[in-house]
Ligand SMILES: Cc1cc2nc3c(=O)[nH]c(=O)nc-3n(C[C@H](O)[C@H](O)[C@H](O)COP(=O)(O)OP(=O)(O)OC[C@H]3O[C@@H](n4cnc5c(N)ncnc54)[C@H](O)[C@@H]3O)c2cc1C
C-alpha cells in the first residue's frame with residue numbers, strides 16, 4: 001500500500017500566509033470575541049491541534065513562527081489559559097469525535113474558559129492518591145470532594161476533573177477523567193490569596209455535583225493515563241519559550257479590540273495572563289541595566305549572558321526533541337525544570353541590576369515593579385505542573401533506571417492503602 005506524505009509548509013510560507021491574512025482580517029474596531037472567532041475559523045488559534053480538531057497539525061517551529069508573527073504585527077493573540085493549553089489537546093488525544101466537536105471549538109474561539117481540577121489537600125505530588133469520589137447514578141455521576149490550587153477556577157465554565165470511580169482498583173487504575181460543569185449547584189469556588197497580592201487560584205468544594213457519563217474523557221478507569229497526557233503537555237508548555245503575542249484567557253469578552261490591545265500592551269508582567277510565570281525577558285533586563293547605568297558592569301553582563309544561554313539551550317532542546325522525536329521521553333520534564341531555573345535566575349539578575357529599588361513595589365518603584373512581581377512569583381514555577389523534586393524523580397526512575405521509591409505494592413486496592 002502506498003502512503004502519501006504531505007510535506008509541512010516552510011516557516012517562510014506560513015509567515016507570508018499569516019501576514020496577508022492579517023492584512024485582510026485585523027480590524028481594531030471588532031470585539032475580541034469576533035477576532036477570536038476569525039482566528040479560530042481560519043485555524044490560526046491553535047495551529048498545533050490536529051486538523052480534525054480545528055488546528056493545522058503544525059510542529060513547534062511553525063507554531064512558534066505564527067506566535068512571533070502575531071506578536072510582531074502587534075495584534076491580540078488567540079485565547080490563552082488552561083483551555084487551549086491543556087483541555088483542547090487532551091480532548092483531541094483521548095476524546096470521542098462528539099466530545100471534540102462539543103468542547104474544542106468553543107475553547108479555540110475563546111467562548112469558554114477551563115480549569116484543572118487535579119490537586120487536592122492530600123494529593124499534590126502524590127496525585128494518584130486523590131480522594132474526590134465519583135459515584136455512578138444511571139447516565140450521570142455524582143461528585144463529592146475537594147480540590148485546591150485551582151488556577152482560574154473562578155472564571156472557568158468547565159473543569160478537567162479527575163475523580164476516583166473504583167475504590168477496589170489499585171490507585172492508578174480507579175481514576176476517571178471528566179469534563180465537569182463548574183456552573184452548577186454543589187460547586188463552591190473560594191479564592192486563595194497569594195503573596196503576589198493576586199488571587200489567581202482557588203479551593204473548589206464539590207458536594208453532590210453532577211456530570212454526565214457522556215463527559216467521561218478517555219474511558220472509565222483510564223483517568224490516570226489521560227491526566228498524564230495533560231501533565232506532559234503542561235510541562236512541555238511551561239518549559240517552552242519564544243515570542244508570544246499579548247492575549248487573555250477565554251470567557252465571554254466584549255469591548256473594542258483596539259482598546260484591549262492598548263491595555264494589554266501596558267501590562268508587561270503579572271496578572272492572570274502576564275509574563276511573571278516566564279520570568280524577566282532578556283530584552284527587559286538589558287533595558288533595566290542600561291537605565292541603571294550598569295550595562296558596562298562585567299558581572300551584570302556575564303549574568304545576563306548566562307541567562308540567555310540557558311534560555312537558548314532549553315529552546316533548542318525542545319526544538320530538537322520535536323524535530324527528531326522524543327529520545328528519552330523526559331524532554332517535557334527537563335524543559336519544566338529548566339523553566340523554573342530560568343525564572344529564579346531572571347529574578348536574581350533583575351535584583352542584581354535594580355539593587356535597593358527591589359525593596360519597593362508597585363508605583364513606589366522607580367523601575368516599574370516588574371522585577372518585584374517576578375520575585376514574588378518566582379517560587380511558583382518550581383511547584384505547579386509537578387514540583388522540581390517530582391520531575392527529578394521521574395527522570396531518575398524512567399530515564400536513568402534508578403529504583404522506585406519504596407511503597408506499598410502497585411496492585412494494592414486503593415481502599416487498603418494508608419490514607420492521610
Ligand atoms: C501557582 C500555582 C498554580 C497551580 N495551579 C493548579 C491548578 O490549576 N490545578 C491543580 O490541580 N493544581 C494546581 N497547582 C498545584 C500543584 O500542582 C501542586 O501544588 C503540586 O503538585 C505540589 O503538590 P502539593 O502542593 O500538595 O505539595 P506536596 O506534594 O505536599 O509536596 C510538598 C513538598 O514535598 C516534596 N515532595 C513530595 N513528594 C515527594 C517525593 N516523592 N520525592 C521528593 N520530594 C517530594 C515536594 O517536591 C514539595 O517540595 C498549582 C500550584 C501553584 C503553585
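Computed values, structure above
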item: Count - residues of segment 218-244 that are assigned to a loop (DSSP other than H, G, I, E, B), modelled with pLDDT of 80 or more and touching a helix residue (DSSP H, G or I) at 6+ places or on another chain (Cβ under 6 Å); result: 1
item: Pair list, Cβ < 6 Å and 6+ apart or interchain, from segment 381-408 residues that are assigned by TED's automatic domain parsing to the domain that holds residue 150 and without any contact (Cβ under 8 Å) to a residue 24 or more places away in the chain to residues that are in a loop (DSSP other than H, G, I, E, B) and within 6 Å of the ligand (Cβ to nearest atom); result: none
item: Any chance residue 312 is within 27 Å of residue 202 (Cα to Cα) and either touching a strand residue (DSSP E or B) at 6+ places or on another chain (Cβ under 9 Å) or not assigned by TED's automatic domain parsing to the domain that holds residue 124 (or both); result: no
item: Within segment 173-189, tally of residues that are surrounded by 18 or more Cβ atoms within 10 Å (Cβ to Cβ) and part of a loop (DSSP other than H, G, I, E, B); result: 3
item: Some residue of segment 359-376 being within 12 Å of the ligand (Cβ to nearest atom) and farther than 22 Å from residue 230 by Cβ; result: yes
item: Flag for residue 385 being buried (at least 17 other Cβ atoms within 10 Å of the Cβ) and within 10 Å of the ligand (Cβ to nearest atom); result: yes
item: Count - residues of segment 195-211 that are in contact with a strand residue (DSSP E or B) (Cβ under 8 Å, 6 or more places away or on another chain) and surrounded by 14 or more Cβ atoms within 10 Å (Cβ to Cβ); result: 10
item: Yes/no for residue 401 being on the phi > 0 side of the Ramachandran plot and crowded, with 16+ Cβ neighbours inside 10 Å; result: no
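The values are calculated or read from the model by the stated rules, or taken from the named source; none is laboratory data. It should be emphasised that the depicted structure is a prediction, and the values quoted were computed from it without experimental measurement. Positions of Cβ are backbone-derived with ideal geometry, glycine not excepted, and every protein chain shown enters the neighbour counts.
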